[in-house]
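Read through the structure below, which is laid out as structure tokens, and then see the notes.
The values are calculated or read from the model by the stated rules, or taken from the named source; none is laboratory data. Owing to the predicted nature of the structure, the values given are computational and were not obtained by experimental measurement. As a convention, Cβ positions derive from the backbone with ideal geometry for all residues, glycine included, and neighbour counts pool all protein chains shown.
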Amino acid sequence: MGVPIVLVHGLRLSGSMWRPQVELLEAQGCTVVAPDLPGHGSRRGEEFSLGGAVDAVLGAIDGVGGRALLVGLSLGGFVSIAAAGAAPGRVAGLVAAGCTAKPAQLLAQLYRIPAVLMDRLPDRGATINERFHRLTLRDGAAEAVLDGGLAVEAATAVIDAVSEMDVLSALSAYPGPVWLVNGSRDHFRIHEKQFFDTCADGRLVNVPRAGHMVSLDQPVNFSRIVADAADVVGVREVSRLRELRGSEASGVEAEES
């Protein structure tokens, strides 16, 4: 069955955004879960915090056996990096998409201002967000996004929390294999070289003709990237388990002698 895969969604969205990947990866025999972060999807109404989001991700990993390939997009990418840095032993590999920009205060301000303006609308910008997704996403991707609801009310808390994150320190704390994936048209590519240089074992993948929502812009290509990462991680996991068993056997022999 290979290594389980945990998919972490973006800002305002939910685990439903990963429907194309879940269907494609499960068809290949993968175990896949896509939890909702606090304040999103089935957890709307809860307060978002980075610590709570990391706990949700680690809980999902525990639910599939305690070790998994972690895949996150945008907000989900930042949360996944934080989770990998905090608990590297539970993350067999990391795919961080659409998140190679340091969430400094200036960058966060670009998102905080629209979020504040949206909050002043009667529906807090839900209609605008829905129309945007229906206009920009194709082939069922909009329905995958919208079926889980749009947590427009969570935006300000998320932006505040992520803007204080030291993402490069968290990334440098993770020693495992990392795939940094960006759409070639993504504005979040601005610090991708710094992110790549920070990885202990990194590779950088740019997807042509895709934007920030790379997993929805090109779901088949993105799923292939994840499947390839799962294959690499799976081979490494077999080697890791053999080494552990060898060490345990050596320990037993040493005790007997």
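Quick rundown of the values:
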{"quantity": "Residue, surrounded by the most Cβ atoms within 10 Å (Cβ to Cβ), within the stretch 193-216, restricted to residues that are within 18 Å of Val8 (Cβ to Cβ) and at pLDDT below 95", "calculated": "Leu216"}
{"quantity": "Output for the stretch 143-165, where each listed residue is out of contact with any Lys or Arg (no Cβ under 9 Å at 6 or more places or on another chain) and of a type in the set (Asp, Glu)", "calculated": "Glu164"}
{"quantity": "Residue under evaluation Val6, criteria (1) buried (at least 19 other Cβ atoms within 10 Å of the Cβ); (2) modelled with pLDDT under 95, criterion not met", "calculated": "(2)"}
{"quantity": "Residue match in the stretch 127-138 (condition: modelled with pLDDT of 95 or more, within 28 Å of Ser42 (Cα to Cα) and not small (Gly, Ala, Ser))", "calculated": "no"}
{"quantity": "Every residue from the stretch 20-42 that is surrounded by 20 or more Cβ atoms within 10 Å (Cβ to Cβ), over 13 Å from the mean Cα position of the chain (by Cα) and of a type outside the set (A, V, I, L, M)", "calculated": "Cys30, Pro38, Gly39, His40, Gly41"}
{"quantity": "Ala151 being among the small types (Gly, Ala, Ser), closer than 30 Å to Gly45 by Cβ and buried (at least 20 other Cβ atoms within 10 Å of the Cβ)", "calculated": "yes"}
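Matching residues to (1) farther than 13 Å from Val162 by Cα; (2) among the aromatic types (Phe, Trp, Tyr); (3) modelled with pLDDT under 95:
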| position | (1), (2), (3) |
| --- | --- |
| Asp36 | yes, no, no |
| Glu46 | yes, no, no |
| Ala56 | yes, no, no |
| Ala68 | yes, no, no |
| Ile81 | no, no, no |
| Leu94 | yes, no, no |
| Gly98 | yes, no, no |
| Leu107 | no, no, yes |
| Tyr111 | no, yes, yes |
